[in-house]
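All remarks here apply to the structure that follows.
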Amino acid sequence: MTGTEVAAVGVVTGWGQSVVALPSDAARAAGGRRVIAALRPSLVGERFRRATRECLLGVAAVEALLREASLGREEIRGGETALVYVTAAAYGSANHDFIVAGAADAGAVSVGAGAARTEHSVGGLRKAHAGPVASNTLHFPYTAPSAVPAEVAIEFGLTGPYVILLGGASAMIDGLWQATLLLGRGQCRRALVLAVETFAECEPLWARGRWLLRPPLVESAACALLVPGPRRATYAPASTPSPLEALVRVRAGETLACAPLIALALARASGGAGPLRLTGEWRGRRAGLVWETP
Amino acid sequence: MITEPVAIVAAGAVTPIGADLDAFWSGLVIGTDGISRIERFPVDDLRVRLGGEIKKLKRERQGDCRASQLLFAAADDLRARASLDAPPARVAVVLGTALGGVEEGEKALAHDPSARRAAAALYDGPASALARRLGARGPVMTVSTACASGATALGVAADLLRSDAADLVVTGGYDILCRFVMRGFDALRSLTRDRARPFDRRRSGLLLGEGAALVLMARDRDAGGRRLGRLLGHASASDGAHVAAPDPDGRGLERAIREALAQAEVGVADIDFVSAHGTATPLNDRVEAAVLRRVLDAHAGRIPVNAIKGALGHTMGAAATLEAVMCLLASREGVVPPTVGLEERDPECELDLVATAPRAVRPRVSLSTSLGFGGCNAALVLEGDGR
């Protein structure tokens, strides 16, 4: 098994582009807002007309990564790039829209195709973003968690190994570990590890599960590029949060699967040398990944 | 071998054709049709009202979502065949699903404001519920590569064992039939009003089903004499072509198969049997048959191929695990189950298809293929323990 290293990290959050936009104290900066929404990225192209906001955020995160690394799209295209995608909640908005549209079809609420979204829909759910209600037929494939990485794979021509994990920060630790294995076994020459989290469409639903999701919920998309390198990654359970996990919590808020990637971006921004210790917790399980030079 | 083989110690299942592994297997061999009119939720407004619905579970517990109930039923079956004899922190759970707890999401959005329902709406909820029930305190993961999830999960589980992150892994896949998914596939016109006919000239679409399949995996050197078979290789690849349809050239599937064979250090000449994804949609079966002919090359005419979705419906996250288990049971029992629904072979899908009757062969090495929404492709190479 060969070692790995993190070559670049791209971050987009409800606070803005890159970790430079993160406040020093997310809770204070939220000012009582439960969700800090990320704007729908304005990506050009007919293909994006039907794509959901979470798909566009995924594409935007990869573009941010390419900018940071000064890489062209052609440098990640093809079967030598693995894509590992992790999310806890990003499929929620597409599911919500599909369920609402179905309820509308059944006459439960008045939501017409092509009309502006209602302010209140079934279950008292508030719509955060105006826009057309997707028709059932075209919208259904976007309810699958695999829709976001699919759009990213199509956009950037990624045809390598493919893993999708569901869960919060610990699942992202699992995802990073999977990427190191794919690289270590020589199944790819580089790995994009991507996370997207959106909350706005299902804000009242997430508010009910507040022991799982502690506000402010900050919509985020982040992507790390892993390549072969000198560091050995060790994957193991962790009993306590690493300083980076705690820092991300304070500065970014609740970003679920994006948190370990934001931690990587913060670590790179600080220029810290030495072992890199990442941890992430979800549903009572804390996983850890330590990168160190043997 | 590029990757160390991993033992599949035992399996458990709950399916539309049988409430446990033995009933599933005998149902497959005799060609039981598990498709019926859906009764658990309203379907009168849908074009297609049929599916592989499990009518009754052995033990239904109030308060558990249906996905968890299917998993618990499969886990009870598994534990009747093998014990989890490892410290709890060394037992992991890795599950594949396309839909997770989406039915709980429907209820939460529609009428049930409880916090419990909201948390269960997240797709990784059932895996956590199963881990709690099993007392497993190692890594708990949910894989969601759409309808390839049940294959990817086995690959991730094998990685946990090879990395020494666990000593035992309970892994597999599940999904339920619910109104959400029926409405979606119905709107896409992917469902047939006929029956699902994999690789048949008249095939006109798939039918959905539900089920759960779990296997207990251990490092091969730790498995001792207890073994249903081994996972020799696994691989995945993205199409990067379309959100909902397979790449018409099947390039992602081909890459996944070739990589899985390379990992297993298995040549095409070594393959004894192929369990195809075989959804019975016109495009999937044509693409898959073409890929298999390319990969199997001169051996394509002599390697038996079947698809079991005609009997069960497409059980989504459970499908690939059920098919992997079927490969191992075929090796143990010396018979390959038929492809229910296949009556008139499609010349465009020319393969050695096991059609209307089971075939007496004892495959040692099997290849199992899976495709899913989002261009997810996966392949498993399995070795049965049949003598």
Let me confirm something: among B:A320, B:A300, which residue is surrounded by fewer than 24 Cβ atoms within 10 Å (Cβ to Cβ) and among the small types (G, A, S)? B:A300
What do you reckon, is B:A82 more than 12 Å from every other protein chain (Cβ to nearest Cβ), surrounded by fewer than 24 Cβ atoms within 10 Å (Cβ to Cβ) and in a loop (DSSP other than H, G, I, E, B)? yes
Restricting to the range B:131-171, name every residue that is more than 10 Å from chain A (Cβ to nearest Cβ), not acidic (D, E) and not in a helix (DSSP H, G or I). B:G135, B:A136, B:A166, B:L168, B:V169, B:V170, B:T171
Residue check, B:A196 modelled with pLDDT of 95 or more, in contact with a Gly (Cβ under 8 Å, 6 or more places away or on another chain) and within 13 Å of another protein chain (Cβ to nearest Cβ): no
Restricting the search to the range A:1-38, which residues are of a type in the set (A, V, I, L, M), assigned to a loop (DSSP other than H, G, I, E, B) and within 14 Å of the chain's Cα centre (by Cα)? A:A37, A:A38
B:R59: farther than 24 Å from B:D186 by Cα and in a loop (DSSP other than H, G, I, E, B), yes or no? yes
Of the numbered conditions (1) in contact with a strand residue (DSSP E or B) (Cβ under 9 Å, 6 or more places away or on another chain); (2) modelled with pLDDT of 95 or more, A:A27 satisfies every one except a single condition; which is it? (1)
Given (1) in contact (Cβ under 8 Å) with a residue 60 or more places away in the chain; (2) within 11 Å of chain A (Cβ to nearest Cβ), number of the condition B:G184 does not satisfy: (1)
Can you find even one residue in the range A:222-238 that is aliphatic (A, V, I, L, M), touching a strand residue (DSSP E or B) at 6+ places or on another chain (Cβ under 8 Å), buried (at least 20 other Cβ atoms within 10 Å of the Cβ) and part of a loop (DSSP other than H, G, I, E, B)? yes
Wholly within the range B:304-387, strands (runs of 3 or more DSSP E) carrying at least 2 residues that are under 30 Å from A:G157 (Cα atoms) and within 14 Å of chain A (Cβ to nearest Cβ): B:365-372, B:376-384
First in the range A:92-108 and at the interface with chain B (Cβ under 7 Å from one of its Cβ atoms), second anywhere and modelled with pLDDT under 80 and crowded, with 23+ Cβ neighbours inside 10 Å, Cβ under 6 Å, 6 or more apart: A:I99/B:L109
Looking at the range A:244-261 only, could you name the residues that are assigned to a helix (DSSP H, G or I) and in contact with a Lys or Arg (Cβ under 8 Å, 6 or more places away or on another chain)? A:L244, A:A259
Matching residues, the range B:102-111, being within 15 Å of A:A144 (Cα to Cα) and within 7 Å of chain A (Cβ to nearest Cβ): B:V102, B:G105, B:E106
Which condition from (1) within 14 Å of chain B (Cβ to nearest Cβ); (2) within 17 Å of the chain's Cα centre (by Cα) is the one that A:L226 breaks? (1)
All conditions in (1) assigned to a strand (DSSP E or B); (2) without any contact (Cβ under 8 Å) to a residue 24 or more places away in the chain are true of A:W211 except (1)
Of the conditions (1) touching a helix residue (DSSP H, G or I) at 6+ places or on another chain (Cβ under 9 Å); (2) in a loop (DSSP other than H, G, I, E, B), B:G233 satisfies every one except a single condition; which number is it? (2)
Hey, can you tell me all the residues within the range A:155-196 that are under 17 Å from the mean Cα position of the chain (by Cα) and among the β-branched types (V, I, T)? A:V163, A:I164, A:I173, A:V193, A:V196
State whether the residues of the range B:226-237 include one that is surrounded by fewer than 24 Cβ atoms within 10 Å (Cβ to Cβ) and within 11 Å of another protein chain (Cβ to nearest Cβ). no
Criterion: closer than 20 Å to B:T3 by Cβ and either of a type in the set (F, W, Y) or under 13 Å from the mean Cα position of the chain (by Cα) (or both) - qualifying residue of B:A165, B:A158, B:A148: B:A148
Could you check, for the range B:112-130, whether at least one of its residues is under 29 Å from B:E4 (Cα atoms) and more than 7 Å from chain A (Cβ to nearest Cβ)? yes
How many of the residues in the range A:145-197 are facing chain B (nearest Cβ under 9 Å), of a type in the set (G, A, S) and closer than 22 Å to A:V12 by Cα? 9
All but one of (1) within 14 Å of chain A (Cβ to nearest Cβ); (2) without any contact (Cβ under 8 Å) to a residue 40 or more places away in the chain; (3) closer than 22 Å to B:G173 by Cα; (4) outside any helix (DSSP H, G or I) hold for B:V94, so report the exception by its number. (2)
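Per-residue answers, yes or no, for (1) crowded, with 24+ Cβ neighbours inside 10 Å; (2) within 24 Å of B:A7 (Cα to Cα); (3) hydroxyl-bearing (S, T, Y):
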position	(1), (2), (3)
B:P337	yes, yes, no
B:R345	no, no, no
B:C349	yes, no, no
B:D352	no, no, no
B:G372	yes, no, no
Of all residues making up the range A:155-183, the number that are of a type in the set (S, T, Y) and under 30 Å from A:R49 (Cβ atoms): 2
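The values are calculated or read from the model by the stated rules, or taken from the named source; none is laboratory data. What you see is a predicted model; the values in this text were computed from it and never measured. Cβ sites come from the backbone with ideal geometry, for glycine too, and all protein chains shown count toward neighbours.
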